[in-house]
Amino acid sequence: MTRDMAYINDNFLKLQAGYLFPEIGRRVAAFAAANPDKAPNIIRCGIGDVTEPLPQAAIDAMHQAVEDQAKRETFHGYGPEQGYAWLREAIANVSYKARGVNVEPDEIYVSDGAKCDTGNILDIFGHNNVIAVPDPVYPVYVDTNVMNGNTGAAREDGSYEGLVYLPCTPENGFVPGVPTGHVDIAYLCFPNNPTGAVATYDQLKAWVDYALAHDTILLYDGAYEAFVTEEGIPTSIFAIPGARQCAIEFRSFSKQGGFTGTRCGYIVIPKELMGKDTQGNKVPVSQLWNRRHSTKFNGASYIVQRGAAALFTPEGQAQCKALIDGYLTNAKLLCEACQAAGLRVWGGSNAPYVWVQTPNGMSSWDFFDKMLHEALVVITPGAGFGAHGEGFFRISAFNSRANVEEVCRRIKALLS
Ligand SMILES: *Cc1c(COP(=O)(O)O)cnc(C)c1O
């Protein structure tokens, strides 16, 4: 009898083996194992994970929600897949309408985080789209397109055939201009991970105007919108006229409220947004997402949604702001330390990331090893975010103040 195994999705085999964060973890573990005396002094500024506890308002609301689950009268089983109305209304009112942006509660779909949403969104698009991604970029956008069969093979520098890369460089301030040709879908992320760049109103307007002229859909990742402190920098793509016809926005409570381990996010799809079927008929994108979301997802946890909703109360808002101000002060200290060490620095003022050019043209992985071995500090090599990240590194401001001050001392000591 011949054995006949099930076929796998070959697209997964195109993925580059050393995904960034596992490779960082491997190098740190190997160094720590070889240097047990130094291991306790390693400070991790590599992965973009928050470090400070949840805002008290969210803690109190989640405690109360656990009590609700303890009694028949207040027990909650399956909730609406799209999220509870009280959370969607709080998001629409506080995050959008209070800032003059029109988003309705029924255009908001609550989930267990923006990473899943940015990957899952590809379910509702065809495979024949021309897709643009910034470079460097949050690796999820590229890898999920590879898994979905939207790319060709990997090239030597880690890029993939078939994607349109938008270089982000010191020359354009790490804000890519619109493509010269036609693209069907374009990813944008501001404030940016990894570069910390923000886009001005005019820069976003150029993207929306391009999208309207080309029938492009913008996938706008606003995971870091709460870090924008500068007057006049848009916190939502929907602040730009016409964006409701051409954009989807991804948001998360992970960075805004310290929810990386608690898990809650959402996506906004305006009712006006259309795609077309293979016959050329217009179809509302929200209709497809609603169908996908309610078929493959059973709603975020009631307890967690209660915690998320508490972030929109006046106390919750003040506590989130204090949390974010703390991280932004960290970012400022890291920027100053790198500048004092003679490095070229970007980001770090409306974002929790500082983006730095490596000294003397070192490769980003060589500088990663130098920082790990000689300063016991874990950074993120820029090359892990795309070919144009080579020659740069990212430092995360998500850390305690004491650790950040120590990292600043070590950077200055290492490079002066
Ligand atoms: C952290 C982050 C997210 C949020 O992910 P969650 O799954 O909500 O924790 C989304 N996009 C970017 C660019 C991020 O850095």
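The values are calculated or read from the model by the stated rules, or taken from the named source; none is laboratory data. Only a predicted model underlies this, so the values are computations on that prediction, with no experimental measurement involved. Backbone-built Cβ (ideal geometry, glycine too); neighbour counts: all protein chains shown. In case anyone asks, the SASA skips ligands and DNA or RNA and just uses the protein heavy atoms, side chains included. Shrake-Rupley method; radii C 1.70, N 1.55, O 1.52, S 1.80 Å.
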Grab the DSSP H runs of the chain that are 4 residues or longer, score each as -39,500 (n - 2.57), total them, divide by all residues and round the 222 nm result to the nearest 500 deg cm²/dmol. -10500 deg cm²/dmol
Using only the alpha carbons, work out the radius of gyration and Dmax of segment 1-128 in angstrom. 22.8, 68
I42 accessible area, assembled protein chains, probe 1.4 Å, Å²: 20
Student exercise: in segment 58-313, how many lysine pairs 8 or more apart or on different chains have Cα atoms under 26 Å apart? 18
Percentage relative contact order, segment 74-202, counting C-alpha pairs under 8 Å, at least six apart: 20
Classify segment 161-243: rounded, prolate or oblate, from the alpha-carbon gyration tensor (a ≥ b ≥ c, eigenvalue square roots; a/c under 1.5 rounded; otherwise prolate if a/b is larger than b/c)? oblate
Pull up the DSSP beta bridges for the chain and report the antiparallel fraction as a percent, rounded to 5. 55
Cα shape, the chain, gyration tensor, a/c 1.5 rule: rounded
Computed over segment 318-412, Kirkwood Rh from alpha-carbon pairs, angstrom: 13.3
Apply the a/c threshold of 1.5 to the C-alpha gyration tensor of segment 183-319 and tell me whether it is rounded, prolate or oblate. oblate
Considering only Y266, N145, P179, whose Cα is most displaced toward the positive end of the charge dipole of the chain, charges sitting on Cβ of Lys, Arg (+1) and Asp, Glu (-1)? Y266
Any idea of S294's accessible area? Nearest 10 Å², probe 1.4 Å. 40
Output ³J(HN,Hα) for segment 241-258: one whole-Hz value per residue in order, computed from phi by the Karplus curve 6.51 cos²θ - 1.76 cosθ + 1.60 with θ = phi - 60°, and x for Gly and Pro. x, x, 5, 5, 8, 9, 9, 10, 10, 9, 9, 8, 8, 4, 8, 5, x, x
Exposure rule at most 16 other beta-carbon atoms within 10 Å, DSSP loop trypsin sites (Lys or Arg not before Pro): the chain longest free segment: 156-270
Counting only heavy atoms of the protein chains, get the accessible area per residue of segment 24-73 (1.4 Å probe) and round it to a whole Å² value. 61
Expressed as a fraction of 2.2 N^0.38 Å, the rule-of-thumb size for a compact globular protein of N residues, what is the C-alpha radius of gyration of segment 21-86? 1.92
What number does segment 320-376 give for Rg over Rh if you use C-alpha atoms and the Kirkwood radius? 1.04
Any DSSP H helix in the chain with Cα axial reach of 15 Å or more and mean Kyte-Doolittle score of at least -1.0? Listed by number, the hits are 20-34, 56-69, 201-214, 314-340, 401-415
Mean separation of Cα contacts under 8 Å, 6 or more apart, over the residue count of segment 58-313: relative contact order %: 26
Spatial separation of Cα centroids for segment 203-238 and segment 9-63, in angstrom: 29
Rounded to the nearest 10 Å², the 1.4 Å probe accessible area of T151 is 10
Inter-centroid distance (Cα atoms) of segment 253-299 relative to segment 118-169, Å: 19
Farthest positive-ward along the chain dipole, Cα basis, beta-carbon charges - from Q69, V304, V50: Q69
For segment 58-313, what is the charge dipole size about the Cα centre, in debye to the nearest 20, if Lys and Arg each add +1 at the Cβ and Asp and Glu each add -1 at the Cβ? 600
Roughly speaking, to the nearest percent, how much of segment 58-313's 1.4 Å accessible area is carbon and sulfur? 51
